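As structure tokens, the structure follows; a few thoughts come after it.
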Amino acid sequence: MSFSKVGVVGLGIMGAGIVEVFARAGYEVTGVAESIPAVDAGQANLAKSLSRAVSKGKLSQEESDAITARVIFGSEFKLLAECDLVIEAAPEILSLKTEIFSQLDSVVKPSGILATNTSSLSVTEIAHATKRPAQVIGMHFFNPAPVQKFVEVISTSESDPKTVAQIVELGNSLGKHLAQISDQPGFIVNKLLLRYLNHAVQILDSGQASREQLDSAMRELSNYPMGPCELLDLIGIDTCVEILKTIYADTGLEIDQPATGMVQLVKAGNTGRKSGSGFYDYADAHQVPTDANDEIKTQVHNDLLIAYLGDCIAMEATGYATKADIDSGMKLGCGLPEGPFEVISRLGLAKVRVAQAELATRTGVVAYQPLAL
Ligand SMILES: NC(=O)c1ccc[n+]([C@@H]2O[C@H](COP(=O)([O-])OP(=O)(O)OC[C@H]3O[C@@H](n4cnc5c(N)ncnc54)[C@H](O)[C@@H]3O)[C@@H](O)[C@H]2O)c1
């Protein structure tokens, strides 16, 4: 099967980006959201991203016009009837996604593949909202979708191998680096990333460090492109809370319970950049956070880093994912300068294990203990 028409449902941060990925690659794209204002917002997101690329000289005005001309937008699911592939990028709420998949199943042609961009929810449960579970798959893009090169392809025990192969071929043709993973909460990257982000907010909630100290620590001492509070604002704090709820339901570990600071911001409607404020206010241009307290920055940097490296070691040791996929995911999905196993090689595994044991003893969190060799 070759794909020519691609549909996208949900036109927020991710949906608009996925529309751009496919339209840039020459596909005819149909973008659908639940209401006219949501469609208008999605269309505006695409226009803004393209005009930014033109102003930076990364795209010509003619190319931008051609991309725009390949996309149609609307609020009716029936516009997706002839799509070979539809990717859903609606909010991270299982009941909403199953409702959307049930509707998609009734309007999209029988040969069409249905994909979800979910960050953590069960693809199997989503697939079962349709009568074609063999043709339902996870295709997890990263934010911003046109920039980040990594895509997780999630298959269920019922996925047709042909469907998986077609999606892998398609992802490769988009120039993305793929990792294939079975249906597990948080897949590879979000299982690691969200625990790190939650850890940062737990530190913030405890009063041990400020948002500026946390963010400047990770920027300055690990060269991350942004700190954890900034990244939460970029992803959307509501989305992060939902992902953590799914991971917490699976692990039952306190470290995965969404931190109070995040939950409260969501309750107040401050979901991050998309709402205009979150950990930071975005009324004016965002300034790179700085702080002069090197002692606190070093402490929180080391704690966040060591806990995260420990999670990566455990993920690989339990056969959940390979070192290569974990390293690629964190670099190409999150823009980190080094993969965790590259960091471990640089620091030395023995040193990381000693630091894990010290962190576990100091904080009393058993989950930070190094794995038995
Ligand atoms: N934000 C990220 O960094 C990120 C990264 C990877 C994956 N994801 C996943 O992508 C999905 C979307 O996240 P987002 O950040 O783009 O969310 P968002 O809140 O920015 O956008 C959600 C979009 O869905 C639309 N929508 C809501 N209800 C709908 C319905 N019934 N039918 C059709 N459209 C509907 C909204 O109007 C909006 O356009 C989630 O599953 C999320 O976990 C997010």
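Details
- Check on residue 122, surrounded by fewer than 23 Cβ atoms within 10 Å (Cβ to Cβ) and not aliphatic (A, V, I, L, M): yes
- When residue 37 is tested against (1) assigned to a helix (DSSP H, G or I); (2) within 15 Å of the ligand (Cβ to nearest atom); (3) touching a residue at least 40 places away in the same chain (Cβ under 8 Å); (4) not aliphatic (A, V, I, L, M), exactly one condition is not met: (3).
- Qualifying residues in region 127-144 (those that are within 14 Å of the ligand (Cβ to nearest atom) and either of a type in the set (Gly, Ala, Ser) or not assigned by TED's automatic domain parsing to the domain that holds residue 87 (or both)) - the one nearest to residue 181 (Cα to Cα): 138
- Qualifying position, being touching a Lys or Arg at 6+ places or on another chain (Cβ under 7 Å) and on the phi > 0 side of the Ramachandran plot, among 236, 252: 236
- Of all residues making up region 189-231, the number that are of a type in the set (A, V, I, L, M, F, W, C) and surrounded by fewer than 18 Cβ atoms within 10 Å (Cβ to Cβ): 1
- The one condition in (1) part of a loop (DSSP other than H, G, I, E, B); (2) free of Cβ contacts under 8 Å to residues at least 12 places away in the same chain; (3) within 30 Å of residue 357 (Cβ to Cβ) that residue 248 fails to fulfil: (1)
- The residues of region 326-351 that are surrounded by fewer than 18 Cβ atoms within 10 Å (Cβ to Cβ) and hydrophobic (A, V, I, L, M, F, W, C), listed by number, are 347, 349, 350.
- Counted residues, region 59-79 - those being farther than 15 Å from residue 19 by Cβ and aromatic (Phe, Trp, Tyr): 1
- In this structure, residue 227 does not qualify as over 22 Å from residue 97 (Cα atoms) and either free of Cβ contacts under 8 Å to residues at least 40 places away in the same chain or away from the ligand (no atom under 16 Å from the Cβ) (or both).
- Matching entry among 174, 197 (being touching a residue at least 12 places away in the same chain (Cβ under 8 Å) and not assigned by TED's automatic domain parsing to the domain that holds residue 227): 174
- Some residue of region 72-92 being surrounded by 16 or more Cβ atoms within 10 Å (Cβ to Cβ), over 18 Å from residue 108 (Cα atoms), within 25 Å of the chain's Cα centre (by Cα) and not small (Gly, Ala, Ser): yes
- Residue selected from region 1-34 under the condition modelled with pLDDT under 95 and among the polar types (S, T, N, Q), by the criterion nearest to the ligand (Cβ to nearest atom): 4
- When we screen 124, 156, 118 for residues that are hydroxyl-bearing (Ser, Thr, Tyr), near the ligand (Cβ under 10 Å from one of its atoms) and either in contact with a Ser or Thr (Cβ under 7 Å, 6 or more places away or on another chain) or not assigned by TED's automatic domain parsing to the domain that holds residue 250 (or both), the only hit is 118.
The values are calculated or read from the model by the stated rules, or taken from the named source; none is laboratory data. The structure displayed is predicted, hence computed values, not measured ones. Glycine gets a Cβ as well: all are built from the backbone with ideal geometry, and neighbour counts include every protein chain shown.
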